[in-house]
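To start, the structure under review is shown below, and the notes come after it.
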Amino acid sequence: MSERLLTSSKEDFDRLYSEVQGNPEAFWANRARAFSWLKPFSQVLSGKPPYERWFEDGITNITLNALDRHVQFGLGDKRAYIFLDEAGNEKVYTYKALLEAVQRFGAALKNLGIQKGDRVCIYMPMVPEAFIAMLACARIGAVHSVVYAGLGKEALFNRIADSKAKGLITADVGYRRGKEVPLKEIADQALDRLKGIVSIVLRRKGQLTPLNPSEHDFGELLLKNPAPCPPEPMESEDSLFILYTSGTTGPPKGVVYANAGYMVGVPTMFELATHVQRGEVFFCTSDIGWIVGHSLQVYGPLLLGITSVIREGTPDWPDPGVLWRVIERYRVNVLYTAPTAVRMFMKYGPEWPERYNTESLRLTVSAGEVMNPQAWEWFTEHVGKGRIPLLDNWWQTETAAPTIGIPPGYPAKPGKAGKPFPGVQADVVDDSGRSLGPNEPGNLVLKDSGPHRFRGIYGNPERFERYFKVIPGFYVCSDAAMKDEEGYIQILGRSDDILNVAGHRIGTAEVENALMGHGLVAEAAVVGIPDELKGEAIEAFVVLKQGALPSEDLALRLISHVRETLGPIASPSEVRFMERFPKTRSGKVMRRILKAQLIGGDLGDTSTLED
Ligand code: AMP
């Protein structure tokens with residue numbers, strides 16, 4: 001089955017796509033049968049959209065397939081993870097060792113009164129214990145809710161309160177750019193207003209971190225609770241985890257996923273997108289605080305039985321060569337990263353990757369925002385050197401796995417996200433749901449996106465249903481997009497970021513790409529501000545490459561550069577220079593903060609702001 005996913009050409013992939021399209025249920029059922037079940041399913045798909053149920057009468061546990069199965073089949077001594085801290089110290093976990101730790105910690109959670117269905121909040125840095133905690137929850141059927149360890153106390157409090165979590169697992173500190181992040185202190189402040197929460201603390205600083213009598217020491221729990229801890233029998237549609245994501249309006253949404261659908265769909269899409277195989281080393285630079293971390297650092301790689309490198313810290317500290325050094329040291333085969341990182345590499349220059357041996361690298365994939373052609377070309381020339389492709393993947397928290405993209409072997413079109421992956425039906429439609437023709441901008445919608453997609457918004461069915469009601473018959477992604485003659489999808493930005501200048505819809509991403517096409521620009525962000533004449537005027541913010549100096553003259557040159565590239569309608573009325581942008585912890589520029597700086601007004605939810 002697996003080999004069929006490794007399409008090697010456009011024709012091959014298109015054929016697979018049509019085959020799956022012809023009978024998606026058969027495709028997913030086949031994929032599902034490759035996993036171990038405590039009770040096999042007899043129904044593949046039931047229920048009506050948006051409340052579909054996959055493999056409904058089956059019973060399984062995702063850890064059975066992510067851990068036990070590999071140990072049973074002789075992979076116990078294979079490395080599941082190589083964890084690196086900021087200083088480069090490594091800790092290796094084989095599949096056997098990971099299973100043992102997960103069972104011990106699962107038993108500990110049970111002994112502390114955590115039961116199937118209880119929510120457990122995990123607020124931890126990128127250390128092995130965070131992964132063990134997530135897997136231990138899944139093992140006993142508790143629903144983990146990971147909160148990114150860069151978020152502050154208010155964000156943490158809101159997420160614990162909204163999910164009515166019974167437990168909180170944290171660490172005393174995280175490390176970022178050589179400095180301590182006082183996680184426990186933040187967690188304590190969040191817990192101040194909450195009662196009766198089971199609190200577990202990983203003491204990275206040992207005795208230097210005092211615990212009060214009601215708190216439990218992570219390390220001690222691991223030591224004193226013996227394995228085994230059998231996998232809790234989970235019905236397919238039982239919740240696996242919750243992950244909060246910011247909405248444009250209202251408080252963050254707790255996106256909920258189901259056990260079996262996620263277990264079957266995520267590794268399938270992961271394999272389709274990267275062709276990663278047993279024996280390969282995979283390095284994803286995301287964080288468990290995001291969906292990419294859940295799917296491509298925790299569950300996807302373990303379900304496929306591969307080896308992952310996990311690193312705590314930022315990609316340019318202690319120096320901008322650190323990522324390439326890790327690739328050289330561990331002979332990484334596939335790097336999964338984000339456009340922000342690629343643009344950062346570009347800013348520091350080709351001498352950094354050139355210093356290291358990256359021969360082991362077979363493929364690089366980037367996801368999360370538009371991969372602008374300039375950065376793509378820079379990477380292809382200086383790092384890829386005609387050998388290592390850089391492929392785009394589009395997905396969202398809600399879709400749980402790569403959804404649209406360029407599979408290996410498929411011709412890329414820089415600046416375009418790519419094609420829907422097998423099992424996905426995507427289209428660009430107008431507000432009434434009419435399918436638009438080539439190069440007509442509209443709403444990106446999905447009809448099918450596989451068994452892994454989200455099942456709800458925790459405690460808020462109306463908010464869940466809203467995704468499917470805005471344009472009846474579709475899941476609306478809130479991205480503006482455009483198809484071309486060959487069906488490649490180009491993302492123009494979030495629909496809420498779309499500018500309307502004199503009646504012309506202009507994607508922020510398009511203008512930003514144009515600015516970044518100028519040799520001196522490292523990063524660009526544009527926002528629309530109200531303009532009496534044009535409806536909206538474009539204001540541009542720019543971060544220059546190292547060594548370039550801001551000046552009025554340069555601002556004018558950038559404006560005429562955009563005018564030349566995209567036409568006068570798209571040229572910014574002003575260019576402002578910044579040292580760096582306000583970004584979310586996942587690296588997305590927060591345009592609404594830039595906008596609020598210009599025109600005042602509400603900053604909105606800033607809980608995901610990096611700084
Ligand atoms: P999140 O749910 O935080 O992962 O953000 C999902 C959003 O990121 C999407 O709705 C897009 O706006 C954007 N996004 C993700 N991947 C891509 C991509 N490859 N190209 C363009 N935008 C992307």
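The values are calculated or read from the model by the stated rules, or taken from the named source; none is laboratory data. Worth saying up front: this structure is predicted, and the values here are computed from it rather than measured. Virtual Cβ from ideal backbone geometry, glycine too; neighbours counted across all protein chains shown. Surface accessibility is based on the protein's heavy atoms, side chains included, excluding ligands, DNA and RNA. Shrake-Rupley method; radii C 1.70, N 1.55, O 1.52, S 1.80 Å.
A few remarks follow.
- Exactly one residue out of V365, V424, V370, V383 is within 19 Å of the chain's Cα centre (by Cα), among the β-branched types (V, I, T) and modelled with pLDDT under 95, and it is V370.
- Residue within region 166-176 that is crowded, with 20+ Cβ neighbours inside 10 Å, touching a His at 6+ places or on another chain (Cβ under 7 Å) and in a strand (DSSP E or B) present: no
- Qualifying residue in region 387-395 (condition: within 11 Å of the ligand (Cβ to nearest atom), under 20 Å from R455 (Cα atoms) and either of a type in the set (S, T, N, Q) or surrounded by 23 or more Cβ atoms within 10 Å (Cβ to Cβ) (or both)): yes
- Residues located in region 144-153, provided they are surrounded by fewer than 23 Cβ atoms within 10 Å (Cβ to Cβ) and not in a loop (DSSP other than H, G, I, E, B): K153
- Scope region 1-51; condition of a type in the set (K, R) and out of contact with any strand residue (DSSP E or B) (no Cβ under 6 Å at 6 or more places or on another chain); matching residues: R4, K10, R15, R31, R33, K48
- N500 meets the conditions (1) in a strand (DSSP E or B); (2) away from the ligand (no atom under 16 Å from the Cβ); (3) at pLDDT 80 or above in every case but one. The failed one is (3).
- Residues within region 415-437 that are touching a residue at least 60 places away in the same chain (Cβ under 8 Å) and either more than 19 Å from T7 (Cα to Cα) or more than 16 Å from the ligand (Cβ to nearest atom) (or both), tallied: 7
- Whichever residue in region 348-359 is among the hydroxyl-bearing types (S, T, Y) and touching a helix residue (DSSP H, G or I) at 6+ places or on another chain (Cβ under 7 Å) and, among such residues, is least open to solvent (accessible area, probe 1.4 Å): T358
- Total residues in region 156-165, condition surrounded by fewer than 21 Cβ atoms within 10 Å (Cβ to Cβ) and in a loop (DSSP other than H, G, I, E, B): 1
- Pair list, Cβ under 8 Å, 6 or more apart: region 448-475 residue free of Cβ contacts under 8 Å to residues at least 40 places away in the same chain, other residue assigned to a loop (DSSP other than H, G, I, E, B): P472/G433
- Selection of region 81-135 for residues being closer than 21 Å to Y175 by Cβ and assigned to a loop (DSSP other than H, G, I, E, B) yields D85, E86, A87, G88, N89, M124, P125, M126, V127.
- Note on region 362-386: among residues that are among the β-branched types (V, I, T) and either assigned to a loop (DSSP other than H, G, I, E, B) or open to solvent by 20 Å² or more (accessible area, probe 1.4 Å) (or both), the one that is nearest to G450 (Cα to Cα) is V370.
- In region 437-459, the residues that are of a type in the set (S, T, N, Q) and either within 19 Å of G47 (Cβ to Cβ) or open to solvent by 50 Å² or more (accessible area, probe 1.4 Å) (or both): N439, S449
- Which listed residue is surrounded by 18 or more Cβ atoms within 10 Å (Cβ to Cβ) and under 26 Å from F421 (Cβ atoms), from A26, A80: A80
- Looking only at region 471-493, and only at residues there that are more than 19 Å from P414 (Cα to Cα) and within 12 Å of the ligand (Cβ to nearest atom), the one that is surrounded by the most Cβ atoms within 10 Å (Cβ to Cβ): C477
- Residue check for A400: touching a Pro at 6+ places or on another chain (Cβ under 8 Å) and either under 21 Å from V521 (Cβ atoms) or in a loop (DSSP other than H, G, I, E, B) (or both): no
- Test: W37 is in contact with a Gly (Cβ under 6 Å, 6 or more places away or on another chain) and either within 21 Å of M234 (Cα to Cα) or among the hydroxyl-bearing types (S, T, Y) (or both): yes
- Summed over region 396-414, the residues that are within 8 Å of the ligand (Cβ to nearest atom) and more than 19 Å from Y467 (Cβ to Cβ) give a count of 1.
- For S18: the one exception among (1) without any contact (Cβ under 8 Å) to a residue 60 or more places away in the chain; (2) small (G, A, S); (3) outside any helix (DSSP H, G or I): (3)
- Scanning region 29-49 for residues that are among the charged types (D, E, K, R) and at pLDDT 95 or above, we see that the one that is surrounded by the most Cβ atoms within 10 Å (Cβ to Cβ) is R31.
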